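What follows is a short report on a single structure.
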Amino acid sequence: MLPALSKSGSLASVVALLALLTSPAMAADTAESARIRDLEQKLEHSMKMIENLASKVQQLEQAKTTPVAVAAVASSQDARIDDLQKQVSDITSARSRASDDGLPIHGFTDVGAGRSTQDNAVYGKGAKGFAVGNFDLYLTPQFGDRVKALVELNFEIGTPDSLATPQASGVGVDLERLQLGYTFADSATGWLGRFHTPYGYWNNAFHHGAQIQTAIMRPRFLDFEDKGGILPAHTTGAWLAGTIPLVGNKLGYDVYAGNAPQIIGSTLDMKMAGDFSHSTSTGFNVSFIPGDMPDLKVGLHGLRGLVHDDATTRNVTRLNMFGGYGVYNNDLLEVLTEYYYFRNEDISGSTGKHGSSAWFAQAGYNLSGFTPYVRQEKTTLDQTDNYFAGQTSGRSYQRSVLGIRYDLNLKAAVKFEINHTKQNDLGIGVSADGYNESRVQYAVRF
Amino acid sequence: MKILKISFLTLALLFASVAIADVFVIANSSVQLTGAEVRDVFVGDKQLAGAVKLIPVDNANVQSQFLAKVMKVDVAKYGSIWIKKSFRDGLIPPAMKSGDAEVLDYVKKTVGAVGYVSSAPSGVTVVQKF
C-alpha cells in the first residue's frame, strides 16, 4: 500500500502514519507508568509487611531467650543438686567409715559360785561361796584404713597371791592389752605394745572371754600368771601376724619379741615397762587350716627367753618351750588340745637342762543348746628347774574336769563344772593333795 | 486326706522356694573381688582389695541364705567366728543392715563396701550370684 502514495501525499502519509504509530505508544507509556506506581505501592506495602514480620520475629526471639535462660538455670540447679548429692554421699560414706573411728565397747563379765576342798601347805585352802568374776572391756578403735588399736581393761577380784590386787577380795584393774597396729597387707599386721602372748590356741582365742570359752576354768597351767599359769600370758613388745593363702588352704603365723618375764615374788612378772637387766623373749606360732576342713586348725608353737628371778643368788634360766596344738570346732563338736614341752637350761648355775611337759585335751558336744564337756590336763614339771621351782604355780598336777554349759542365747551362758585335782610336788615328804571343786558360772558378752 | 496333700505340697513348694533363693554378692565400684574371696572377706581374713579397705555388711533379710549358701555356717558359728576375730585381732564385725534397699544404698555410697542382696541389683558391681 505505501508505494501507491505521492511525494506530498507521502509526507503527510508518513506524518499520519507516525501519528498513527505513536499514539498507541504514548498510551502504552501511560499504562506502564501506572503499573510501575502500582508495583511501587505493592513494594512499599511488602516492605512494611517485612518490617512488621521482622519486628514480630525479634519479639519472638526475645520471647525465646527466657526459656533458654530458665533451662540454663535448671541446668545449673541440676549441677548443684548433683554436687549436693555427691557431698551427702561423701558425708554418708565418711560417716559409715567413721564408724570405725567410734568406740563401740565390747566386753565380758561373769558371776558365779564355787566350792573347793583344796587344803595343802603350798596353796592353802580353796575358796567357797559366791564370787564375782571378771569385768573385761575391750575397744577396737581404727584410725583410717590400716591403723588400728586394741585396748583391753580387766577388773578382777583379787586373790591373796594376785599381783594385780595384793589384798584378798580387793578389786584390781589390769591394763590387759594396749597394742597399736598397722595392717601392711592381709598377710601381715604388725603390733606394738602389750598383747596376749600368741602361744597355743586358748590364750589368744579366749583369754578373759569367759562367755566364749566352753568351760568355766582355763586349763590351770595356762591360767594367768597370778592365777596359776606357768607361762607369760602377756608380752610387751612387737608382734607380726597374718594369714597366707596356700593352695586352697590357710597358713597362719605369729612371730613376736618382747620383754622376757622375770620371776618376782614367786610369780611371773611380764615387765611391762622394761627392766634394768633387760632380756628379750622371742616366739612363734604357725597354724594350718585345710581348705576342705575349715573347722580344723593345727599348729606348732615355741617360746624362748632368759628368765631371771629375785632369789638372793639370782638364777637365770633359758626358757625353751616347744609344742603343738589342734582344734576342731564345728556347729556341734568342739575338740581342743595343746601340748607344751620344756627344755629349760640353767644359765647361772650348773644343773644343766631340764625336761618338763604340760598338756590338756577337751571335748564338748552341743545338744540343742546344752554342751556337756570333759577335759583332762596334766603337767610334769621338773622341780630342779629353777624356772618352775621359783614359781608358786610351778608344781606338777593333774586334773579331770566334767561340765555342762547351756546357752541362753548367743550372748549368755550358764555353766556348771566339777573337777578333781591331784596336786603333786608339795614338798619333800609331803603327799599329794587330792581335792574336788564345783563351780557354777553365769557369763555374758556384749 | 486331700487337705493333708495340699498342705504337704504347699510346704514342699515353700521349702523349695527358700532353698533356691539366690544371693547376689555385691561390691562398691571401687572393689575388685572374686567369688572365691567372698568367704574370706566375711570372716575377716581378707581385709584389703588392692589398696582399698574392705567393709563387709550383713543383710538381716538374707543372712540365713547367705550363711548357708556361701559361708557354710549357721548364725551361732558366724557370730562366734567374729567375736573371736574381734577379740583376738581387733577387727570390727560387719554391720547389720535391715534389708536389700539399705545394703544397696550403703554399698553404692561406701568405698570398699561389700554386701549381699536377694535380687539382681544395678549401680553396683555384682561379684557373684550364689
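The values are calculated or read from the model by the stated rules, or taken from the named source; none is laboratory data. For clarity, every value in this text was computed on a predicted model and none was experimentally measured. Every residue, glycine as well, gets a Cβ built from its backbone with ideal geometry; the counts of neighbours run over all protein chains shown. Only protein heavy atoms, including side chains, enter the accessible area calculation; ligands, DNA and RNA are left aside. Shrake-Rupley method; radii C 1.70, N 1.55, O 1.52, S 1.80 Å.
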When you look at A:Ala358, is it open to solvent by less than 20 Å² (accessible area, probe 1.4 Å), within 14 Å of chain B (Cβ to nearest Cβ), of a type in the set (A, V, I, L, M, F, W, C) and part of a strand (DSSP E or B), yes or no? no
Determine which single condition B:Lys69 fails, assuming it passes every other condition in (1) farther than 30 Å from A:Gly190 by Cα; (2) within 10 Å of another protein chain (Cβ to nearest Cβ); (3) of a type in the set (Lys, Arg). (2)
Return a yes/no flag: does the range A:242-263 have any residue that is out of contact with any Lys or Arg (no Cβ under 9 Å at 6 or more places or on another chain), more than 26 Å from B:Gly44 (Cβ to Cβ), open to solvent by less than 50 Å² (accessible area, probe 1.4 Å) and assigned by TED's automatic domain parsing to the domain that holds A:Asn320. yes
Do we find that B:Val114 is closer than 25 Å to A:Ile244 by Cβ and either touching a helix residue (DSSP H, G or I) at 6+ places or on another chain (Cβ under 6 Å) or away from chain A (no Cβ under 11 Å) (or both) in this structure? yes
Residues (farther than 26 Å from A:Leu408 by Cα and open to solvent by 10 Å² or more (accessible area, probe 1.4 Å)) located in the range A:201-222: A:Arg220
I need the full set of residues from the range A:361-397 which are part of a loop (DSSP other than H, G, I, E, B), of a type in the set (S, T, N, Q) and over 24 Å from A:Tyr435 (Cα atoms), in order please. A:Asn366, A:Ser368, A:Thr384
Applying the selection to the range A:391-406, what residues are surrounded by fewer than 18 Cβ atoms within 10 Å (Cβ to Cβ) and either modelled with pLDDT under 95 or over 23 Å from A:Asp119 (Cβ atoms) (or both)? A:Thr392, A:Ile404, A:Tyr406
Can you name the condition, by its number, that B:Val127 falls short on among (1) facing chain A (nearest Cβ under 10 Å); (2) farther than 27 Å from A:Glu152 by Cβ? (1)
Condition set touching a residue at least 40 places away in the same chain (Cβ under 8 Å) and among the hydroxyl-bearing types (Ser, Thr, Tyr), scope the range A:346-388, selection nearest to A:Gly403 (Cα to Cα): answer is A:Tyr373
Among the residues of the range A:132-152, write down those that are among the hydrophobic types (A, V, I, L, M, F, W, C) and in contact with a Lys or Arg (Cβ under 9 Å, 6 or more places away or on another chain). A:Leu150, A:Val151
Go through (1) modelled with pLDDT of 95 or more; (2) under 30 Å from A:Ile418 (Cβ atoms); (3) assigned to a strand (DSSP E or B) one by one and return the number of the condition A:Glu176 breaks. (1)
Within the range A:106-123, restricting to residues that are open to solvent by 30 Å² or more (accessible area, probe 1.4 Å) and in a loop (DSSP other than H, G, I, E, B), the one that is farthest from the other protein chains (Cβ to nearest Cβ) is A:Ala121
For the range A:268-291, what are the residues that are assigned to a strand (DSSP E or B) and open to solvent by less than 30 Å² (accessible area, probe 1.4 Å)? A:Leu268, A:Ser281, A:Gly283, A:Asn285, A:Ser287
Across the range B:92-117, which residue is nearest to the chain's Cα centre (by Cα) among those that are closer than 14 Å to B:Gln63 by Cβ and open to solvent by 60 Å² or more (accessible area, probe 1.4 Å)? B:Met96
What residue, among those in the range B:74-111 that are more than 30 Å from A:Tyr328 (Cβ to Cβ) and hydroxyl-bearing (Ser, Thr, Tyr), is nearest to the other protein chains (Cβ to nearest Cβ)? B:Thr110
Qualifying positions in the range B:38-66 - more than 9 Å from chain A (Cβ to nearest Cβ) and open to solvent by 30 Å² or more (accessible area, probe 1.4 Å): B:Gly50, B:Ala60, B:Asn61, B:Ser64, B:Gln65
As an exercise: evaluate B:Ser86 against (1) open to solvent by less than 60 Å² (accessible area, probe 1.4 Å); (2) at pLDDT 95 or above and give the number of the one condition it does not meet. (2)
Looking at the range A:375-383, is at least one residue in contact with a helix residue (DSSP H, G or I) (Cβ under 6 Å, 6 or more places away or on another chain), surrounded by 21 or more Cβ atoms within 10 Å (Cβ to Cβ) and among the hydroxyl-bearing types (Ser, Thr, Tyr)? yes
For residues that are in a strand (DSSP E or B) and in contact (Cβ under 8 Å) with a residue 40 or more places away in the chain, scanning just the range A:303-315, find the one that is most open to solvent (accessible area, probe 1.4 Å). A:Leu306
Taking into account only those residues within the range A:124-143 that are open to solvent by less than 30 Å² (accessible area, probe 1.4 Å) and of a type in the set (Gly, Ala, Ser), which is nearest to the other protein chains (Cβ to nearest Cβ)? A:Gly133
Do we find a residue being of a type in the set (Phe, Trp, Tyr), closer than 18 Å to A:Gly124 by Cα and surrounded by 15 or more Cβ atoms within 10 Å (Cβ to Cβ) anywhere in the range A:410-421? no
The range A:422-446 - residue that is in a strand (DSSP E or B) and of a type in the set (Val, Ile, Thr) and, of those, most open to solvent (accessible area, probe 1.4 Å): A:Val440
Expected single match for assigned to a loop (DSSP other than H, G, I, E, B), more than 29 Å from the chain's Cα centre (by Cα) and at pLDDT below 85 among A:Leu163, A:Leu103 is A:Leu163
Considering only strands (runs of 3 or more DSSP E) wholly within the range A:183-267, the ones with at least 1 residues that are more than 14 Å from chain B (Cβ to nearest Cβ), in contact (Cβ under 8 Å) with a residue 24 or more places away in the chain and acidic (Asp, Glu) are none
Tell me the strands (runs of 3 or more DSSP E) entirely within the range B:31-130 that contain at least 3 residues that are within 30 Å of A:Leu178 (Cα to Cα) and in contact (Cβ under 8 Å) with a residue 12 or more places away in the chain. B:55-59
